[in-house]
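S.K.: This is the structure I have questions about; it appears just below.
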There are 2 protein chains.
Amino acid sequence: MAIFSKTCEYAIRAVFYIAHKSSLGSKVGIKDIAAGIDSPELYLAKILQDLSRKGLIKSAKGPNGGFYIDEAARARPLSDLVEAVDGNGLFYGCALGLKQCSEINPCPLHNQFKAIRDQIYLLLHQTTLGEFNQELLKGLLSLKK
Amino acid sequence: MAIFSKTCEYAIRAVFYIAHKSSLGSKVGIKDIAAGIDSPELYLAKILQDLSRKGLIKSAKGPNGGFYIDEAARARPLSDLVEAVDGNGLFYGCALGLKQCSEINPCPLHNQFKAIRDQIYLLLHQTTLGEFNQELLKGLLSLKK
DNA sequence: TAATTAAAAGATATTCTTGTCCTTTTCTGG
DNA sequence: CCAGAAAAGGACAAGAATATCTTTTAATTA
């Protein structure tokens, strides 16, 4: 198991890619993005359509169209994106899948995992969608393979 | 997304349940376990067969048979179980699914998630399969719903 | 040894995720 | 207004995860 679903992995990589390109003032087409993050183009298209509907990214049809993220949206926390795609199970769900797990009716791992869930949430909440634009520009970070 | 697969959730809950019963000196049948942890009986049977083949639990056929875990195995780390079911992606995999992600070719989240992966591994490695026997006996912890 | 019990094994069904294909809509530039 | 570009949308396909059913094997005990 991975932390995120494959869909979410593609979504995060794509949004980082779009944020980076958008910070340079240009829109990006689906082909460009798919190549830039090594993902199946048509599947990624579905994911981005969904993110667009949910308002996490913007899109424009027609010539010179493509996907982009405005400055305000680039300041949004990564947790918004993860939650939109994978839900909030990572932040709030019981590690053992128990619906009724809580402080007063804890599963064996409840307390230990609370710390981990909190840390994951904090990390994703602190990180913004545009956080890595500089490093991506300089080629210091990878979004491929 | 949850941290563990459904299969792994069932596996952990079942193993905690078996460890607890085994510490009282009795074997447990699949029906008993499935009822004790609220899981689909026949699916759980498959999971336990697999764990048995992998040596994480023991089983005995015939009357008075069932599943059990000996004292030595009750001291094994939970990480062994998780790894047997879900693999080691949680401990070592890249959060964004990149095969080549590493210190020298990091994805944007590489460093942040290293801390989280380490913490998860540490937690699962410190916790033993028999860790919660006392609390389960006293009814202080839940494995159901 | 026969009957019973319980796990093992194999086959199949269902559901969800991931991935592809084809058509439609919308926008832009000439 | 027309042709082309690009995303949106709907339908479908493949694969993996989850779940069930049936038969077989092994052990116990009467």
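The values are calculated or read from the model by the stated rules, or taken from the named source; none is laboratory data. No experiment lies behind these values; they were computed from the predicted model shown. Cβ atoms come from the backbone with ideal geometry, glycine included; neighbour counts cover every protein chain shown. Heavy atoms of the whole protein, side chains included, go into the accessibility calculation; ligands, DNA and RNA do not. Shrake-Rupley method; radii C 1.70, N 1.55, O 1.52, S 1.80 Å.
S.K.: For region A:98-145, which GluC sites (Glu not before Pro) are in a loop by DSSP, counting at most 14 other Cβ atoms within 10 Å?
M.R.: A:E103
S.K.: Report, to the nearest 10°, how far helix B:6-23 tilts away from the longest principal axis of the Cα atoms in chain B, using its own Cα long axis and a range of 0 to 90°.
M.R.: 40
S.K.: Additional query: Taking the full set of protein chains and a 1.4 angstrom probe, give the accessible area of A:L137 in square angstrom, rounded to the nearest 10.
M.R.: Here the residue's solvent-accessible area equals roughly 100 Å².
S.K.: Follow-up question, since we're still on this one. Can you give me the C-alpha center-to-center distance between region A:1-72 and region B:1-38, rounded to a whole angstrom?
M.R.: Spelled out, the Cα-based centre of one part sits 42 Å from the other.
S.K.: Moving to a separate point now. Keeping all protein chains in position, work out how much accessible area B:M1 exposes to a 1.4 Å probe, and write it in Å² to the nearest 10.
M.R.: So the heavy atoms of B:M1 present about 70 Å² to solvent.
S.K.: Right, here's the next one. For A:S5, place a label point 7 Å from Cα along the Cα-to-Cβ direction in every copy; what are the distances to the other copies, in nm, shortest first?
M.R.: Label point to label point, same position, other copies: 1.6 nm.
S.K.: Could you work out [θ]222 nm for chain A from helices alone, using -39500 (n - 2.57) per DSSP H run of at least four and dividing by all its residues? Round to the nearest 500 deg cm²/dmol.
M.R.: So the helix-based figure for chain A works out to -15500 deg cm²/dmol.
S.K.: Right, next: Where Lys and Arg each count +1 and Asp and Glu each count -1, what net charge lies around A:G66 among other residues with Cβ under 15 Å from its Cβ?
M.R.: That works out to +2.
S.K.: If you don't mind, there's one more thing I want to ask. Excluding B:Q119 itself, what net charge comes from residues whose Cβ is under 13 Å from its Cβ, given Lys and Arg +1 and Asp and Glu -1?
M.R.: +2
S.K.: Tally up the carbon and sulfur contribution to the accessible surface of chain B as a whole percent, 1.4 Å probe, everything protein left in place.
M.R.: Exposed carbon and sulfur together represent 52 percent of the surface.
S.K.: Measuring with a 1.4 Å probe in the full set of protein chains, what accessible area per residue, in whole Å², belongs to the protein assembly as shown?
M.R.: Ligands and nucleic acids excluded, the figure is 48 Å² per residue.
S.K.: Tell me, rounded to the nearest percent, the portion of alpha carbon pairs in region A:77-127 spaced more than 18 Å apart.
M.R.: 32
S.K.: Using the Karplus curve 6.51 cos²θ - 1.76 cosθ + 1.60 with θ = phi - 60°, what ³J(HN,Hα) values do you get for each residue of region A:132-138, in whole Hz, with x for Gly and Pro?
M.R.: Working through the residues one at a time gives 9, 4, 4, 5, 5, 4, 7 Hz.
S.K.: For region A:81-105, list whatever residues lose no less than 30 Å² of accessible surface once every protein chain is in place, relative to that chain by itself, with the probe at 1.4 Å.
M.R.: A:D86, A:L90, A:A95, A:L96, A:L98
S.K.: What's log10 of I(q)/I(0) for chain B at q = 0.18, 0.20 Å⁻¹, Debye sum over Cα points only, no solvent?
M.R.: -1.01, -1.18
S.K.: Could I ask something else about it? Please report, in whole Å, how far the alpha carbons of the protein assembly as shown spread along each principal axis, starting with the longest.
M.R.: That works out to 74, 35, 30 Å along the principal axes.
S.K.: Once you've got the Cα coordinates, tell me which of B:K114/B:K145; A:K6/B:K6; B:K61/B:K144; B:K21/B:K61 are over 24 Å apart.
M.R.: From B:K114/B:K145; A:K6/B:K6; B:K61/B:K144; B:K21/B:K61, over 24 Å: B:K114/B:K145; B:K61/B:K144.
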